[in-house]
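Below is one structure; the comments refer to it alone.
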Amino acid sequence: MLGGHGVATIAIALWARHLRLMVGTDQLTGLLQRRPFYERIEEELQRADIGRTTLSIAIFDVDEFKRFNDQLGHLEGDRALQRIGEQLRKAVRTTDLVSRYGGEEFVIAFPRMDVQLATRRAEALRAEIAALGLGTEDAPLTISGGVASWPADGTTFEEVLRRADERLYGAKAAGRNLVIGPRPVPLRSASDAGV
Ligand code: GH3
Ligand code: MG
Ligand code: MG
């Protein structure tokens, strides 16, 4: 059995762990903030062996969120962001990193997941958020997303994120409640190749 001293040591260790986990997390959603997220990605990329591994990034932005706030109020807006964050975190692998990147923007890193699979995962997340029933019947709350990957879309996190952001912009322009990834590379059939 543990003496009082042992119990105190364990309590301190648990508290220290709790504090470590709290540092760099967003108060509203409990998700990683932008900077610690960025630092974690940099670590992942340094560990990664170029050409042998991949890391996909999805950026999501809440659709027409200004209107949501105007109609239902900022507090309800905060609650919606909390629900979205919770759903995103629940739905990904424990090794994936979910961050609240900005006000109503979320970025997820999928280490060692190829971009086609990450795009399908991001699309599933979009559908799950749309099914939460947030917003009003006339204007259900939805998100749009863009997906890109390292190293295909860039050699730095910034480059990959920029590409994902361009695709997010495309999803907004195409009407929102949509996820866009890279265009799939068509596989050349034997007849195309003239064989
Ligand atoms: P779009 O579909 O083009 O993204 O339209 P939008 O209205 O979402 O875009 P816009 O950038 O014009 O507005 C974003 C809104 O998100 C405005 C801002 O008040 C709101 N927002 C950002 N952070 C928070 C937050 O922490 N809480 C609440 N309630 N609202 C937030
Ligand atoms: Mg935005
Ligand atoms: Mg928005």
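The values are calculated or read from the model by the stated rules, or taken from the named source; none is laboratory data. Keep in mind the model is a prediction, meaning the values are calculated, not measured. Using ideal geometry, Cβ is built from the backbone for each residue, glycine included, and neighbour counts are taken over all protein chains shown.
Residue count for the range 37-66 satisfying the condition of being within 19 Å of E166 (Cβ to Cβ) and within 16 Å of ligand 1 (Cβ to nearest atom): 6. Scanning the range 126-184 for residues that are within 16 Å of ligand 3 (Cβ to nearest atom), part of a loop (DSSP other than H, G, I, E, B) and of a type in the set (K, R) yields one hit, R176.
Selection over the range 67-76 of residues that are touching a helix residue (DSSP H, G or I) at 6+ places or on another chain (Cβ under 9 Å) and either more than 7 Å from ligand 1 (Cβ to nearest atom) or touching a residue at least 24 places away in the same chain (Cβ under 8 Å) (or both) gives a count of 3.
So that you can scan it fast, the table gives a plain yes or no per residue for (1) crowded, with 16+ Cβ neighbours inside 10 Å; (2) more than 16 Å from ligand 2 (Cβ to nearest atom); (3) at positive phi:
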residue	(1), (2), (3)
L28	no, no, no
L45	yes, yes, no
A48	yes, yes, no
D61	yes, no, no
F65	yes, no, no
H74	no, no, no
G77	yes, no, no
L88	yes, no, no
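Note on the range 49-66: residues that are free of Cβ contacts under 8 Å to residues at least 60 places away in the same chain and farther than 18 Å from S144 by Cα total 3. The test for being farther than 18 Å from V62 by Cα and touching a residue at least 12 places away in the same chain (Cβ under 8 Å) does not hold for V98.
Taking the range 101-121 as the range and being in contact with a strand residue (DSSP E or B) (Cβ under 6 Å, 6 or more places away or on another chain), of a type outside the set (D, E) and within 16 Å of ligand 1 (Cβ to nearest atom) as the test, the residues that pass are Y101, F106, V107.
With respect to D165, is the statement that it is of a type in the set (D, E) and under 15 Å from the mean Cα position of the chain (by Cα) true?
yes
Restrict the check to the range 126-139 and report whether at least one residue is closer than 16 Å to F37 by Cβ and either touching a His at 6+ places or on another chain (Cβ under 6 Å) or modelled with pLDDT under 95 (or both). Within the range 126-139, none of the residues are closer than 16 Å to F37 by Cβ and either touching a His at 6+ places or on another chain (Cβ under 6 Å) or modelled with pLDDT under 95 (or both).
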